[in-house]
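Heads up, the thing below is written out as structure tokens.
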Amino acid sequence: MLICQMADNHLMNVINLYAKRLKISRTIISDDVKNDPMIEALNPSFSLHALKEKAVQEIKLNHDKIQPYIIEAVLRGLAVTPILQDAYGRSTAVPNLKLNISAMLEIEGEFIEDESEFRDIGGYR
């Protein structure tokens, strides 16, 4: 079935599924998850570092997967904003880190110092 053919409740169920997965993974990487000695005793292969790496991969995967469903829901005027705010853990703009992005860009071994040079080669503007 195509995404555009889904009933509204089916579409929202899929969005909720991916949003819950994003929230769980975000919680794993952002919270101070403690090493539980019982988990380590019962599962010697458990690694907190591996768990966080897996959560990062899950965020990337589910972020990519949820996008076409969000687009369809927005086209239909369905309320997805609260679901996404909860999944991503924010409702405002991310603060500007005031990084000099152009100074950090490197193309074929040459640093670009001037933004206009980047624009001329099909950059971000």
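Answer yes if at least one residue in region 47-58 is in a helix (DSSP H, G or I), modelled with pLDDT of 95 or more, touching a Ser or Thr at 6+ places or on another chain (Cβ under 6 Å) and not hydroxyl-bearing (Ser, Thr, Tyr), and no otherwise. Scanning region 47-58, I find at least one residue that is in a helix (DSSP H, G or I), modelled with pLDDT of 95 or more, touching a Ser or Thr at 6+ places or on another chain (Cβ under 6 Å) and not hydroxyl-bearing (Ser, Thr, Tyr), so the answer is yes. Aliphatic (A, V, I, L, M) and either in contact with a strand residue (DSSP E or B) (Cβ under 8 Å, 6 or more places away or on another chain) or not in a helix (DSSP H, G or I) (or both), is that true of Ala79? Here the answer is yes, as Ala79 does meet what is asked.
Of note, His63 satisfies the criterion of being surrounded by fewer than 16 Cβ atoms within 10 Å (Cβ to Cβ) and under 13 Å from Tyr88 (Cα atoms). Taking region 82-118 as the range and being among the acidic types (Asp, Glu), modelled with pLDDT under 90 and outside any loop (DSSP other than H, G, I, E, B) as the test, the residues that pass are Glu106, Glu110, Glu115, Glu117. With respect to the conditions (1) out of contact with any helix residue (DSSP H, G or I) (no Cβ under 7 Å at 6 or more places or on another chain); (2) within 25 Å of Arg90 (Cβ to Cβ), Arg26 falls short on a single one, namely (1).
The values are calculated or read from the model by the stated rules, or taken from the named source; none is laboratory data. Predicted, not measured: the structure shown is a model, and the values here were computed from it. Here the Cβ is made from the backbone with ideal geometry for all residues, glycine too, and neighbour counts use every protein chain on show.
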